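As structure tokens, the structure follows; a few thoughts come after it.
The values are calculated or read from the model by the stated rules, or taken from the named source; none is laboratory data. Computed from a prediction, not measured in an experiment: that's the story for all the values here. Cβ placement follows ideal geometry from the backbone for every residue including glycine, while neighbour counts extend to all protein chains displayed.
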């Protein structure tokens, strides 16, 4: 079985600044890989390169290969929007839209699925992120009224609704209180059964606890 | 003179300048109110003018102004929105963006009489829309384009990158991002632009005077080739031709209505701008 992600001799530069230098690694399917290191060492850039989030940055340049199930994601024929649906990304600061919780969950799929599938999908993904019990009676409320920890779980549910195989989590707990962070950590472990997860963190303890593999930042540099 | 005295003198001088500037608005408002109020009567807004403006109300003039404003915004808004979306979302070249921005500013600084002249030649003569409310709306639409563009651009540029990145990460195409993130999130910015543009169009006289308006002979336009009476033309003609105080008072009355209209639109824009800020901080 080919690995979920293969990175071969990846070099990333912004203008004249080299952020990632000749980095290679493999990530197994349904595993959690933690990338740790101090800020500014290129770990976020590595993550963003895996779903081509940096495409719109003019000075961004990438050399080497990123293969997902053997397919080079930087090949000119790749549909970048489809790629981003296969590879979901969660950001450090949860970003919910000033709409209802229900609408937020459906944000990425609304025009893609039947109306009758809305409710089952919302229930399924909110249950997956352990948020269903807390919000099932107020799905019509504004998502911005949720606590930051709940918003982060909502953001994960919104990404799950799109149906990604791979999840990229960029310091998902760093703006959360310890309790919410613990909820996200146990969530990561349960998501592993169906998803391949890459987690950027600066917490050694967190990395040790949830991950199967570790990538240290100094390897990237 | 010691430097401290000089310093005090300067501050005093500057405060006088500030007072002068702020009192100008008050003086204009007070004059228009004092002169215009006597002309207002219960039917002023809903009655037709009579006896070549000497008596009656300003209903059709008000309608004419509103028709031109509405026409202008309906033409201008899609153009402004579309071009700003292109400039902010698709155009990558910095030089290209700067050219668009600067050309908008130059357009904004162009004397409005030139919009009237060039607009009349292009729309009225070349495209054969004649002296009509259509020509007037087209000219005003071009004139308010920069106002709308600036407002919409500000709103889009103030939109947090977070929203765009979230949309991108969910695999939305640029078009879906525009439809479900950019336009809804910039709603208040767009509406603010609309109100500012309307206010600008409402106050404009020179650009439409000879291309779209008439003083008498027409009430409401019955075809695309009819001109309309407007508040601005009404005031201009009445003040130029007035032979008695009643006629002049009618002109001031029309002026008061026009000023209130512009004032209302500006205040609306101001209120919505406040909401826009709240939205950006969300």
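Couple of notes before you dig in:
- Each residue in region B:250-282 was checked for being at pLDDT below 85, farther than 20 Å from residue B:147 by Cα and either in a helix (DSSP H, G or I) or out of contact with any helix residue (DSSP H, G or I) (no Cβ under 7 Å at 6 or more places or on another chain) (or both), and 4 pass.
- Selected residue (criterion: farthest from residue B:220 (Cα to Cα)) from residues of region B:107-157 that are in contact with a helix residue (DSSP H, G or I) (Cβ under 9 Å, 6 or more places away or on another chain) and part of a loop (DSSP other than H, G, I, E, B): B:110
- Of all residues in region B:1-51, those that are closer than 30 Å to residue B:217 by Cβ and assigned to a helix (DSSP H, G or I) total 6.
- Scan of region B:230-240 for residues that are touching a residue at least 40 places away in the same chain (Cβ under 8 Å) and in a helix (DSSP H, G or I), ordered by number: B:231, B:232, B:233, B:234, B:237, B:238
- Residues that are within 14 Å of another protein chain (Cβ to nearest Cβ), closer than 24 Å to residue B:159 by Cβ and in a loop (DSSP other than H, G, I, E, B) are absent from region A:129-145.
- Selected residue (criterion: nearest to the other protein chains (Cβ to nearest Cβ)) from residues of region A:21-51 that are within 12 Å of the chain's Cα centre (by Cα) and assigned to a loop (DSSP other than H, G, I, E, B): A:51
- Filtering region B:8-34 to residues that are farther than 30 Å from residue B:262 by Cβ and surrounded by 11 or more Cβ atoms within 10 Å (Cβ to Cβ) leaves B:8, B:9.
- Whichever residue in region A:68-86 is facing chain B (nearest Cβ under 9 Å) and surrounded by 21 or more Cβ atoms within 10 Å (Cβ to Cβ) and, among such residues, is farthest from residue A:43 (Cα to Cα): A:85
- Checked against (1) more than 21 Å from residue A:161 (Cβ to Cβ); (2) in contact with a strand residue (DSSP E or B) (Cβ under 7 Å, 6 or more places away or on another chain), residue A:86 passes all but a single condition, namely (1).
- Pick from region A:104-121, criterion assigned to a helix (DSSP H, G or I) and under 17 Å from residue B:171 (Cβ atoms), ranking: farthest from the other protein chains (Cβ to nearest Cβ): A:121
- Only one of the listed residues (B:202, B:207, B:211) is in a loop (DSSP other than H, G, I, E, B), out of contact with any strand residue (DSSP E or B) (no Cβ under 6 Å at 6 or more places or on another chain) and either at pLDDT 85 or above or surrounded by 23 or more Cβ atoms within 10 Å (Cβ to Cβ) (or both). That residue is B:211.
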